[in-house]
1. Once phi is turned into θ = phi - 60°, what whole-Hz ³J(HN,Hα) does the Karplus curve with 6.51, -1.76 and 1.60 give for every residue of segment 150-164, x standing for Gly and Pro?
2. Quick one: in segment 46-165, what % of C-alpha pairs are over 18 Å apart?
3. Amide H neighbours of E84 under 5 Å, at least 5 residues apart or on other chains, H built in the peptide plane: list them.
4. For a quick check: sort E82, E122, E74 by the number of other beta carbons within 10 angstrom, fewest at the front.
5. Can you work out the Karplus-derived ³J(HN,Hα) for every residue in segment 42-47? Use 6.51 cos²θ - 1.76 cosθ + 1.60 with θ = phi - 60°, whole Hz, and x for glycine or proline.
6. If you find the alpha carbon centre of segment 83-108 and of segment 137-155, how far apart are they in angstrom?
7. Starting from the alpha-carbon convex hull of segment 52-98, give the projected area averaged over all orientations, in nm².
8. Taking the alpha-carbon distance from K56 and a cut-off under 28 Å, which lysines remain once sequence neighbours fewer than 8 residues away in the same chain are dropped?
Amino acid sequence: MRFVNLSLFIFFLILIFFNFNSFGQDLLGESIRKIGDKKTSVYMDKGIFHKAGPKKPGNLKAIRHSYSPKQGMERIVFDFAEAESPRIYGHFSTQQKKISLDLFNTDLAQSIASFGSSHFVEGVNFLSVSKDSLSVELHLRPQVTMDVFSLSSPGRLVIDLRSSH
């Protein structure tokens with residue numbers, strides 16, 4: 001009887017281990033891109049992107065967007081109160097239809113305007129994981145590619161989205 005209980009326990013441990021690993025992200029297979037200070041028009045369909053920014057506290061003032069039917073592109077702009085955008089880590093997944101951003105040392109403004117309706121973005125979520133980081137999730141419609149860059153004076157993070165077909 002003791003052998004059967006031990007076998008069941010080991011079986012459940014193995015089952016749990018493989019089940020949780022199937023939900024994880026394979027970040028080793030992802031391309032890694034540094035966020036530049038000008039538009040590259042090199043669109044990616046998945047990957048990690050990052051920017052080294054100042055290590056002082058910042059404030060996200062607004063998120064705005066505009067769609068250009070002529071170019072088939074939507075521009076999402078994160079406006080910061082400071083002259084430079086903060087340190088940023090991001091992950092883009094077409095499989096999960098999501099862009100995840102970590103904005104380090106950044107707070108959300110007291111009053112941020114509604115994002116409104118968007119051509120490629122279904123929703124925006126803000127998560128305050130810790131006092132040192134603000135996480136933002138952009139939930140996307142299927143088959144979208146993106147380009148990302150930053151601007152300064154004032155600090156802005158710009159994400160250009162377009163259809164992948």
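Bear in mind that the values in this text are calculations on the coordinates, not laboratory data. Keep in mind the model is a prediction, meaning the values are calculated, not measured. Note that we place each Cβ from the backbone using ideal geometry, even for glycine, and neighbour counts take in every protein chain shown.
1. Each residue of segment 150-164 in turn: 10, 10, 10, 6, x, x, 9, 10, 10, 10, 9, 10, 8, 5, 8 Hz.
2. Working: 3430 of 7140 pairs.
For segment 46-165, the share of Cα pairs beyond 18 Å comes to 48 percent.
3. Amide H to amide H, under 5 Å and 5 or more residues apart or across chains, E84 pairs with S153, G155.
4. Numbers: E82 18, E122 13, E74 21.
With the fewest neighbours first, E82, E122, E74 line up as E122, E82, E74.
5. Karplus-based 3J(HN,Hα) across segment 42-47 equals 9, 7, 10, 9, 5, x Hz.
6. If you average the Cα positions of each part, the centres end up 9 Å apart.
7. Numbers: hull surface 18.6 nm².
That works out to 4.7 nm², a quarter of the Cα hull's surface.
8. K34, K38, K39, K98, K131
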